[in-house]
Each structure stands twice: as structure tokens, then as C-alpha cells.
Amino acid sequence: MQLHETNAAPPDRRSGEDERLERAIDAALDCSQACGDCADACIADGLPASLRQCVRLALDCADLCEVTVSLAARRTGTNDEVTRQTLQACATACRRCADECAPHAEAHAHCRLCAEACRACAGACIEAVGTLRRR
């Protein structure tokens with residue numbers, strides 16, 4: 001079953017925000033995978049000192065992406081302020097990770113893919129933040 005099908009099930013589904021929130025959830029899922037893959041590949045490369053921070057930020061980003069998915073996909077009831085702050089934290093972690101991976105992208109394909117996924121996720125999260133109601 002696809003996310004958009006399960007997300008449509010709750011009776012209190014709110015129109016307008018759902019499409020952008022679903023894009024953020026999808027991007028966070030992709031980003032979490034890319035970050036985990038990047039960290040694993042950096043470690044497999046023998047973890048040169050130049051990649052230590054890359055691993056740290058990729059793991060932090062993957063964790064925040066997973067939390068973001070969990071909170072944002074929970075559609076029964078609302079917790080907009082926490083969801084908004086989580087999306088913003090995810091976007092921040094994604095930008096930091098992308099900035100760290102980008103210099104390694106030419107030498108390491110996993111860093112290039114991670115940076116791309118992080119940038120896409122950061123953008124999707126920021127778009128989704130704008131759709132949540134302020135209380």
C-alpha cells in the first residue's frame with residue numbers, strides 16, 4: 001500500500017497540506033536511506049579522517065529523517081507545532097549533511113547521492129512547514 005493511500009484513510013485528513021507533507025515524507029524516507037548508505041560506504045572505505053564528520057552528519061540526518069517520517073505520517077489528530085519543528089530540524093540536518101558531503105562528491109558517488117537526497121529533503125520539508133497551521 002502506498003503512503004498516499006494510507007494517508008487518505010483518517011477521517012480528519014486535511015486538504016491542502018497533505019500533498020506537500022506526503023512529498024516531505026517521501027523525501028525523508030529517501031534521504032534516510034541515502035544517508036545510511038553514505039555512512040556505511042564511508043566506514044567501508046576505511047573511514048579516513050576526512051570522512052569522520054561526513055559519517056556523523058549522515059547518521060544524524062538519517063535519524064532525524066526517520067523521526068520526521070514517523071511524526072509527519074501520523075495523521076489521526078494533530079500536533080502541528082511539534083511536526084513543524086521536526087520538519088525544520090530535519091531540513092537543517094539535511095542542509096548540514098549536504099554541505100559536508102558535497103566536497104567529497106567527486107571522489108565518492110555515495111556522498112554525491114547523499115548530498116542530492118539531502119537537498120531534496122530539505123526543500124520538501126521547508127515546503128511542508130508552510131502548510132501547517134500555526135496555533
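Answer with yes or no whether R52 is of a type in the set (D, E, K, R), on the phi < 0 side of the Ramachandran plot, touching a helix residue (DSSP H, G or I) at 6+ places or on another chain (Cβ under 8 Å) and part of a helix (DSSP H, G or I).
When the stated conditions are applied, R52 does not pass them.
Any idea how many residues of the range 2-38 are among the hydrophobic types (A, V, I, L, M, F, W, C) and either exposed (fewer than 12 other Cβ atoms within 10 Å of the Cβ) or modelled with pLDDT under 95 (or both)?
4
Could you please find all residues in the range 124-135 being closer than 14 Å to C31 by Cβ and without any contact (Cβ under 8 Å) to a residue 60 or more places away in the chain?
If the condition is that a residue be closer than 14 Å to C31 by Cβ and without any contact (Cβ under 8 Å) to a residue 60 or more places away in the chain, then I126 is the only one that fits.
When you go through V129, V69 one by one, which is the residue that is modelled with pLDDT of 95 or more and crowded, with 16+ Cβ neighbours inside 10 Å?
V69
Taking P103 and the conditions (1) over 14 Å from the mean Cα position of the chain (by Cα); (2) surrounded by 15 or more Cβ atoms within 10 Å (Cβ to Cβ); (3) part of a helix (DSSP H, G or I), which numbered condition does it fall short on, given that it satisfies the others?
(2)
The values are calculated or read from the model by the stated rules, or taken from the named source; none is laboratory data. These numbers were taken from a predicted model, which means no experiment stands behind them. Please note: Cβ atoms are built from the backbone with ideal geometry, for glycine as well, and neighbour counts cover all protein chains shown.
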